[in-house]
1. Which residue out of B:T298, B:T358 is open to solvent by less than 30 Å² (accessible area, probe 1.4 Å) and either out of contact with any helix residue (DSSP H, G or I) (no Cβ under 8 Å at 6 or more places or on another chain) or at pLDDT 95 or above (or both)?
2. Anything in region A:302-343 that is open to solvent by less than 10 Å² (accessible area, probe 1.4 Å) and closer than 30 Å to A:A276 by Cβ? List them, or say none.
3. As an exercise: evaluate B:E76 against (1) within 7 Å of chain A (Cβ to nearest Cβ); (2) in contact (Cβ under 8 Å) with a residue 24 or more places away in the chain; (3) over 23 Å from A:A213 (Cα atoms); (4) not aromatic (F, W, Y) and give the number of the one condition it does not meet.
4. For the list (1) open to solvent by less than 20 Å² (accessible area, probe 1.4 Å); (2) over 20 Å from A:D287 (Cβ atoms); (3) free of Cβ contacts under 8 Å to residues at least 40 places away in the same chain, I need the number of the one condition that A:A428 fails.
5. Could you list, in sequence order, all residues of region A:369-408 that are open to solvent by 30 Å² or more (accessible area, probe 1.4 Å) and within 14 Å of chain B (Cβ to nearest Cβ)?
6. Pull up region B:236-280, narrow it to residues that are within 17 Å of B:W207 (Cβ to Cβ), under 17 Å from the mean Cα position of the chain (by Cα) and open to solvent by 10 Å² or more (accessible area, probe 1.4 Å), then point me to the one that is farthest from the other protein chains (Cβ to nearest Cβ).
7. Would a scan of region B:18-38 turn up a residue that is modelled with pLDDT of 55 or more, part of a loop (DSSP other than H, G, I, E, B), within 7 Å of chain A (Cβ to nearest Cβ) and open to solvent by 20 Å² or more (accessible area, probe 1.4 Å)?
8. Limited to region A:79-113, what total is found for residues that are over 12 Å from B:G70 (Cα atoms), facing another protein chain (nearest Cβ under 8 Å) and outside any loop (DSSP other than H, G, I, E, B)?
There are 2 protein chains.
Amino acid sequence: MKSRSSAEAKPSTRRQFLAAGSLAVGGAAALVASGEALAAESPPGSENLPPNVPEWMKAPGADVGSEPYGQPSKFEKGVVRNMRKDAKQYTSFWSGAPLEDLEGTITPNGLFYERHHGGIPEIDPAQHRLMVHGLVETPMVFTMEDIRRFPAESRTHFIECAGNPPFTLIYADKASSLVGLVSCAEWVGVPLKTVLEQVGVKPGAKWIVAEGADAAALTRSIPIEKCLDDAMLVYGQNGEALRPAQGYPLRVLLPGFEGNMNVKWLRRLHVTAEPAYSREETSKYTDSMPDGTARKFTFVMECKSIITRPSGTQKINQGFNEISGLAWTGRGKIAKVDVSTDGGKSWKAAKLQEPVLTRALTRFRLPWTWDGTPTAIISRATDETGYVQPSFEELKAVRGVNGVYHNNATQPWKIAASGEVSNAHVKA
Amino acid sequence: MKSRSSAEAKPSTRRQFLAAGSLAVGGAAALVASGEALAAESPPGSENLPPNVPEWMKAPGADVGSEPYGQPSKFEKGVVRNMRKDAKQYTSFWSGAPLEDLEGTITPNGLFYERHHGGIPEIDPAQHRLMVHGLVETPMVFTMEDIRRFPAESRTHFIECAGNPPFTLIYADKASSLVGLVSCAEWVGVPLKTVLEQVGVKPGAKWIVAEGADAAALTRSIPIEKCLDDAMLVYGQNGEALRPAQGYPLRVLLPGFEGNMNVKWLRRLHVTAEPAYSREETSKYTDSMPDGTARKFTFVMECKSIITRPSGTQKINQGFNEISGLAWTGRGKIAKVDVSTDGGKSWKAAKLQEPVLTRALTRFRLPWTWDGTPTAIISRATDETGYVQPSFEELKAVRGVNGVYHNNATQPWKIAASGEVSNAHVKA
């Protein structure tokens, strides 16, 4: 699978490149004066220029409506979720959004990252029920139609897996293999607070235990404060219904909290005084510390960023290259992304694409002219709390090397003299 | 095809509804106390409640990666583009986004509205070229790789067809048949200004004639001022590459301008002193005025809104119903959406979902408790210039009845005693 963005450096013998400068992006063939000059130079593709007519203009294209639900171009068939092919099973596994091929900040639903613990259930929404019980005045059962009658809200937020990547898997070759377990969407649903006001939360309620209707009955405990703050029960994602892989027909959305707490296929909210200490919050998703203890309940995904273009497995040309990437923080908004093009010696502030939204992917971009010298490029994000994304060495100094989850370290990319980009964690 | 949102009023005999109130949304079955009580009442779906296990929890679901590019649930198969089935041909035709089934403000790429004049070409991006010539210092040819090397920007904007709906087609039954030819996406590409600075625009240049690489060679003239303002050449849409139906691999984006000027499959920009007076700006897309003249070059799509839920072909229950819809304006931001629930006698300001972005779809919502009395509901948007969306009668008074395009009238929906919602333009 060769992705679109794995641009190869092309020979320039037949092409007239522009001089370097703020807008000299190179690569564009200059027509000298006329169609004749064009014919004399005959750059590749000139047969498709006016007044010539490319093949695809010579007959009508596909009918309107030939795809009632549209699909990507067949030329984009390499742009799919990124997944290891050597797993022993795929029931409890993951696939990453192909970050190096994505644009902007929205992750298309078809490419949203996946992490499932019991496969993807096929749920009939007409049969699905949500039960809310425990420390409540009126235990209630909601149909999807009930949920949809509540006043709705839409909010754009990222979701990120706690193991993105695990401490032990920082040697992968490309961005999507390293931190592809993060995605961003416009979510639509009902604030969880509204549903809790409907059932009436009793004094003493401190946690809500959410259970999914998958074969793993995935169960996580959520502090009541988060449930009454910005938590939502969502049924819409990027304009349409949730996809089965994202919890269709209903999931919990906990903006900024680790992915697996955003319970998919939600069937039960149990209001309790104590957490459930479920499998996914005890044996998994805890942080093994240097002193041998395990830190439980690390909910918030800290500030993080990665350069997605140029990034590992891509190849760049000398001259102008825009450095582009994504930053996010579970604590609010991204305040700043600094980029180094000299391996960390000096840093420049990248431009943040507006609007910068809270707990959403933020696109940053920095113009860069590469002179052909081998180097390393790194991004480092700062969030509105002032927290600065650490390097992997800084993170290890605090957390040791026993941990798996909550790795928000910076990602350095090495640029070789050939223009080939690779993971700088991998020593040659 | 029965869509998800065509909710039927259900008998309440076996269910305990809540009293009316700010949060009394009705429809939720209250569990009296225990599993036994639940069993005694046995509401539909109770077999799926804890401690019972629904069928889809009894075996692992689909493997991770079984859909490298994910698709909607099979239970959403009715949510597709809306299209008339009685056309003589579908080469030059349209399909609408199913607005009544959509959430939030982003239109998924698979449901983005279509309007093509020569079918959808299948273009190999490696073979595609963009030529920029005419009144420029250096005529140039760009590959897609060249275009992608320019500094990029992302912006969220709507695109709307000029005939949405034509003056003569205001009697359709549902929102997507009336104004489905509007959609909204996060677009990524290069500001057209950057490309024009690269080629050097000569004095005397007043227009840029854009030509598509479809079988219609669709051609439109764009004022140079727009080209140097917020126009873009876009290759990304909602995080991924443009879809073939939206101009893959390259289209012009003219925020706020009528849809067909946003030329798809862009192959040529001809910088000129005069407009081209092409077919699509003379025989079509002009406004026939009451005095028999035709108003040409009506570029900006004026302020507009529609209630999408409840809307035509849906059915509502008494009690709480959230009124929800979309508003947009080619002039900037939506300032206000007023909603009437009494056929236009009185109006209340709806809540606008933040962030309100310029030239983007804006979701509005208003809580409403329906007492069962037949009525009509209408939305009316005001944009930041102070312009107020007209009723169809007000629009006709200015524009007459010879016109086809640029109908931005309000859309009244009639609510019958049965709860059935229908187009109030259609007299019983």
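The values are calculated or read from the model by the stated rules, or taken from the named source; none is laboratory data. Only a predicted model underlies this, so the values are computations on that prediction, with no experimental measurement involved. Neighbour counts are summed over all protein chains in view; Cβ atoms, including those assigned to glycine, are modelled from backbone coordinates with ideal geometry. These area figures cover heavy atoms from the full protein model, side chains too; ligands, DNA and RNA do not enter into them. Shrake-Rupley method; radii C 1.70, N 1.55, O 1.52, S 1.80 Å.
1. Details: B:T358 fails: open to solvent by less than 30 Å² (accessible area, probe 1.4 Å).
None of the other options fit; the residue is B:T298.
2. Answer for region A:302-343, where residues must be open to solvent by less than 10 Å² (accessible area, probe 1.4 Å) and closer than 30 Å to A:A276 by Cβ: A:C303, A:K304, A:W328, A:T329, A:G330, A:G332.
3. Here B:E76 meets the rest and fails (3).
4. With (1) open to solvent by less than 20 Å² (accessible area, probe 1.4 Å); (2) over 20 Å from A:D287 (Cβ atoms); (3) free of Cβ contacts under 8 Å to residues at least 40 places away in the same chain applied to A:A428, the lone miss is (1).
5. Across region A:369-408, the qualifying residue is only A:T369.
6. Of all residues in region B:236-280, those within 17 Å of B:W207 (Cβ to Cβ) come to B:252, B:254, B:257-258, B:260-263, B:266, B:268-280.
Among the residues that remain, those that are also under 17 Å from the mean Cα position of the chain (by Cα) are: B:254, B:257-258, B:260-262.
Among the residues that remain, those that are also open to solvent by 10 Å² or more (accessible area, probe 1.4 Å) are: B:257, B:260.
On the way: B:F257: 21, B:N260: 14 Å.
The extreme case among them is B:F257.
7. Within region B:18-38, not a single residue is modelled with pLDDT of 55 or more, part of a loop (DSSP other than H, G, I, E, B), within 7 Å of chain A (Cβ to nearest Cβ) and open to solvent by 20 Å² or more (accessible area, probe 1.4 Å).
8. 3
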